[in-house]
Amino acid sequence: MELIYKNTKINLIQGDITKQKIEAIVNAANSTLLGGGGVDGAIHKAGGPEILRECKAIRKKQGGCHVGEAVITTAGNLPSKYVIHTVGPIWRGGTNNEPILLANAYKNSLKLAHKNNIKSIAFPSISTGVYGYPIEKASIIALTTVKNVLDKISFKEIRFILFSNKDFNIYVSSVQKVFEDY
Ligand code: ADP
């Protein structure tokens, strides 16, 4: 499904983020930046060793990536130009700053994209896999944060890539809540 908000196209797609033809994709990484399972594993596998090489160089320089922050590398063999690696929070019941940290992951990814002159970007559903963040809550934060950033910074397209049909349907209902007045 697609909508336009402040000249930016917002697209929800069910699919695999490694297959997206778009300037930048976002990786739900972990603080080590050394790769892992889920979407992180899929991105490194499809993108090849150049991504990990750059992640290791960033690690050496700044010691990984804190929760809520973002770093950028090449996309290696992927059909994108860049991968923005961000680290979402692990769900620990919801009273350990999880909503703010998750919002920061989206916000800092978009800020870093803007700094690199990236106009179109695809996000996976950060933290809702192994990190256990309930996707109904996480999707509202993801969409609200994007909406707030778009009030200040303009992009061409922001795509949300949902791996399962169930996740896609949850995002569709959250879009209707977050953008209802629009
Ligand atoms: P986290 O550790 O942040 O929870 P995961 O990779 O475990 O990250 O899960 C985040 C989301 O990414 C989950 O909804 C999972 O289903 C989804 N996912 C896994 N592989 C892909 C992929 N290739 N493309 C898009 N989304 C994916």
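Return yes or no: is residue 27 touching a helix residue (DSSP H, G or I) at 6+ places or on another chain (Cβ under 9 Å) and surrounded by 16 or more Cβ atoms within 10 Å (Cβ to Cβ)? Reasoning before the result, please.
Details: touching a helix residue (DSSP H, G or I) at 6+ places or on another chain (Cβ under 9 Å): yes; surrounded by 16 or more Cβ atoms within 10 Å (Cβ to Cβ): yes.
Judged against the criteria, residue 27 is a match.
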Checklist line | Every residue from region 130-169 that is part of a loop (DSSP other than H, G, I, E, B) and either free of Cβ contacts under 8 Å to residues at least 24 places away in the same chain or surrounded by fewer than 21 Cβ atoms within 10 Å (Cβ to Cβ) (or both) | finding: 130, 131, 132, 134, 151, 152, 153, 154, 156, 163, 164
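Just to be sure before I move on: is residue 126 of a type in the set (A, V, I, L, M) and either more than 10 Å from the ligand (Cβ to nearest atom) or more than 22 Å from residue 47 (Cβ to Cβ) (or both) in the structure I sent? Walk me through how you get there before you give the answer.
On the way: of a type in the set (A, V, I, L, M): yes; either more than 10 Å from the ligand (Cβ to nearest atom) or more than 22 Å from residue 47 (Cβ to Cβ) (or both): no.
Against the criterion (of a type in the set (A, V, I, L, M) and either more than 10 Å from the ligand (Cβ to nearest atom) or more than 22 Å from residue 47 (Cβ to Cβ) (or both)), residue 126 does not qualify.
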Next item on the list: Kindly indicate whether any position in region 170-180 is within 11 Å of the ligand (Cβ to nearest atom) and either touching a residue at least 40 places away in the same chain (Cβ under 8 Å) or surrounded by fewer than 17 Cβ atoms within 10 Å (Cβ to Cβ) (or both).
Entry: yes
Notebook entry, point to check: So, of the residues in region 33-60 that are within 16 Å of the ligand (Cβ to nearest atom) and loosely packed, with under 14 Cβ neighbours inside 10 Å, which turns out to be farthest from the chain's Cα centre (by Cα)?
Noted result: 45
Next item on the list: Return yes when residue 82 is in contact with a Pro (Cβ under 9 Å, 6 or more places away or on another chain), at pLDDT 95 or above, under 25 Å from residue 15 (Cβ atoms) and not small (Gly, Ala, Ser) and no when it is not.
Entry: no
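Residue by residue, here is whether (1) hydrophobic (A, V, I, L, M, F, W, C); (2) assigned to a loop (DSSP other than H, G, I, E, B); (3) at pLDDT 95 or above holds:
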| residue | (1), (2), (3) |
| --- | --- |
| 27 | no, no, yes |
| 33 | yes, yes, yes |
| 43 | yes, no, yes |
| 52 | yes, no, yes |
| 61 | no, no, yes |
Next item on the list: Tell me which of these residue 63 doesn't satisfy, since it passes every other one: (1) more than 9 Å from the ligand (Cβ to nearest atom); (2) small (Gly, Ala, Ser); (3) in contact with a Ser or Thr (Cβ under 6 Å, 6 or more places away or on another chain).
Entry: (3)
Check: So which residues in region 69-117 are touching a residue at least 40 places away in the same chain (Cβ under 8 Å), in a loop (DSSP other than H, G, I, E, B) and either within 12 Å of the ligand (Cβ to nearest atom) or touching a helix residue (DSSP H, G or I) at 6+ places or on another chain (Cβ under 8 Å) (or both)?
Finding: 75, 78, 79, 88, 89, 90, 91, 94
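Tell me which residues, restricted to region 29-57, are more than 19 Å from residue 105 (Cα to Cα) and of a type outside the set (D, E, K, R).
We begin by selecting, within region 29-57, every residue more than 19 Å from residue 105 (Cα to Cα); these are 42, 44-54, 56-57.
Correct list: 42, 44, 46, 47, 48, 49, 51, 52, 57.
Of all residues in region 15-24, count the ones that are more than 9 Å from the ligand (Cβ to nearest atom) and either within 27 Å of residue 59 (Cβ to Cβ) or in a strand (DSSP E or B) (or both). Steps first, please.
Taking region 15-24 and keeping what is more than 9 Å from the ligand (Cβ to nearest atom), we get 21-24.
With either within 27 Å of residue 59 (Cβ to Cβ) or in a strand (DSSP E or B) (or both) added as a condition, the list becomes 22-24.
Residues flagged as more than 9 Å from the ligand (Cβ to nearest atom) and either within 27 Å of residue 59 (Cβ to Cβ) or in a strand (DSSP E or B) (or both) within region 15-24 amount to 3.
The values are calculated or read from the model by the stated rules, or taken from the named source; none is laboratory data. Please read these numbers as outputs of a predicted model, since none were measured by experiment. Positions of Cβ are backbone-derived with ideal geometry, glycine not excepted, and every protein chain shown enters the neighbour counts.
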